[in-house]
Amino acid sequence: MGFSDPLEALSAAKSNPPDVLIADVLMPKMNGIDLALRTKTLSPSTKVLILTALMDVGELIGQARGYDFDILQKPFPPPELVTKLKSLSAND
């Protein structure tokens, strides 16, 4: 399921926790790190992939201490995304 509004995604995660959350760092209403943290609170087993075009996400990732979030730097070729998702699924 896909969402363009992170608040809608979070609401949906309450009743149907995702296996994998893919979130961009920069989103309206809530950044991807905050969405990931709130989703992990609801569903600790959810895997998280953060997408970003920012060169320095260290401060934002610092908010996620104690969580193992994967990061994919944009731009990336589609096969790289597929490989990353397969890697996340293999870690179940």
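The table below gives the values:
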item	result
Distance (nanometres) between label positions extended 7 Å along Cα→Cβ at A12 and E80	2.6
Under the Karplus curve 6.51 cos²θ - 1.76 cosθ + 1.60, θ = phi - 60°, whole-Hz ³J(HN,Hα) for segment 35-52, x wherever Gly or Pro sits	4, 4, 4, 5, 5, 5, 5, 6, 9, x, 7, 5, 7, 10, 10, 9, 9, 7
Under 5 Å, built H, 5+ apart or other chain: amide partners of K47	V20, L21
Three-way shape label, the chain, alpha-carbon gyration tensor, a/c 1.5	rounded
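Quick note: the coordinates plus some simple rules give every number you see, no bench work behind them. Worth saying up front: this structure is predicted, and the values here are computed from it rather than measured. Positions of Cβ are backbone-derived with ideal geometry, glycine not excepted, and every protein chain shown enters the neighbour counts.
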